[in-house]
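Some notes on the structure that comes next.
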Ligand code: KG4
Ligand code: ZN
């Protein structure tokens, strides 16, 4: 069975076709990053308009890539939420209309479920149940994944998401948007021990996160030290040291909370997904920790860490195969949608 996946919840138009027998057969992505970079963040109205421009040509391109006709499809899956309402509506309208026109089932997919399922695109994949650390621009969640659609949130962020903290720190240091990967690059030239930044919430019990205190600490360090730099090279070194110290504090916090959750749930498999899972230091830290504490970490390939259509297609395929589809006749988008209310 061939499932078309449509992702348009934020600033990426992602379209893919997943075949339940042969895996991913076509995958196209159009990123709006350049469009929003000049504003230092996503402008929702511009995002919606750009999805409108790109979505239909991208569906045609995806079909061409897979050597398929729309009539060869068996179902249409699209991100129905959470996300920017205008952007979501573009994907929902196109997805639902295509399904109506072709007389196929339309499958509403939760964006975070898509991220959780992204590792299923890999050859070496986890099996239910497992623990998932979902770290993106908008979320930092520790989820007990008991089965498809059966999720219990064990930890959430009380303020900024991990990706958001990376982006804000990058902006402060004058790096481009979205700044996660630029912080990671800059950190390679820095001394992570030069500044000691707080490890938020590690000294408290529980699995929640908070990154606003860390954000303030990095800002204060930057403001206190930047004037004493005598030249550009010293300023660059200061930025690199802050980036390295910040990254170490975030990754330390995330990985220690994962270990705590592994011990609490007794799961032996940990899935890490969402944009921040592209971070090399996070990957290395969790692989090492897994060797020591006997759990196995699974990461999506780099291109499936950030938003994409393939994760929506594979999540839609899982729902289709397991007959977990809600049928109704309305075009709906859910800007806020709890992962725990999917069943
Ligand atoms: O999952 P995603 O594409 O979008 C949301 O659903 O939010 O995640 C985007 C986030 C951004 O905050 C970006 O800075 C971050 O992922 N990110 C990274 C890296 N690559 C992307 N953060 C840290 N290190 C990276 N290498
Ligand atoms: Zn995402």
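Structure values in brief
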{"quantity": "Sequence of 127, 340, 12 once ranked by neighbouring C-beta atoms within 10 Å, starting from the fewest", "calculated": "127, 340, 12"}
{"quantity": "Full-extension gain in nm, residue 158 to residue 46, via 0.36 nm per residue minus C-alpha separation", "calculated": "37.4 nm"}
{"quantity": "Ranked list, fewest to most other Cβ atoms within 10 Å of each Cβ, for 145, 135", "calculated": "145, 135"}
{"quantity": "Estimated inter-spin distance, residue 196 and residue 216, nm [label 7 Å along Cα→Cβ]", "calculated": "1.9 nm"}
{"quantity": "Inverse of mean 1/r across different Cα pairs in the chain, Kirkwood, Å", "calculated": "20.6 Å"}
{"quantity": "Calculated diffusion of segment 132-219, Stokes-Einstein form, Kirkwood radius summed over Cα pairs, 4 °C and 1.567 mPa s, µm²/s", "calculated": "91 µm²/s"}
{"quantity": "Rounded to 5, percent antiparallel among DSSP beta bridges of the chain", "calculated": "60 percent"}
{"quantity": "Per-residue Cβ neighbour rank within 10 angstrom, fewest leading, 36, 115", "calculated": "36, 115"}
{"quantity": "Centroid-to-centroid separation of segment 71-95 and segment 220-294 [C-alpha atoms, Å]", "calculated": "34 Å"}
{"quantity": "Column: log10 I(q)/I(0), Debye, Cα scatterers of segment 187-257, q = 0.20, 0.26 Å⁻¹", "calculated": "-0.78, -1.13"}
{"quantity": "Rg and Dmax of segment 127-299, Cα atoms only, in Å", "calculated": "16.4, 57"}
{"quantity": "Gyration tensor (alpha-carbon) shape descriptor, segment 1-93, a/c threshold 1.5", "calculated": "prolate"}
{"quantity": "Normalised contact order of segment 161-221, rounded percent, pairs of Cα under 8 Å and 6 or more residues apart", "calculated": "33 percent"}
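No value in this document is a laboratory result; all are computed from the given coordinates. Keep in mind that what you see is a predicted model, and the values were worked out from it rather than measured. Ideal geometry is used to build each Cβ from the backbone, glycine not excepted, and the neighbour counts take in all protein chains shown.
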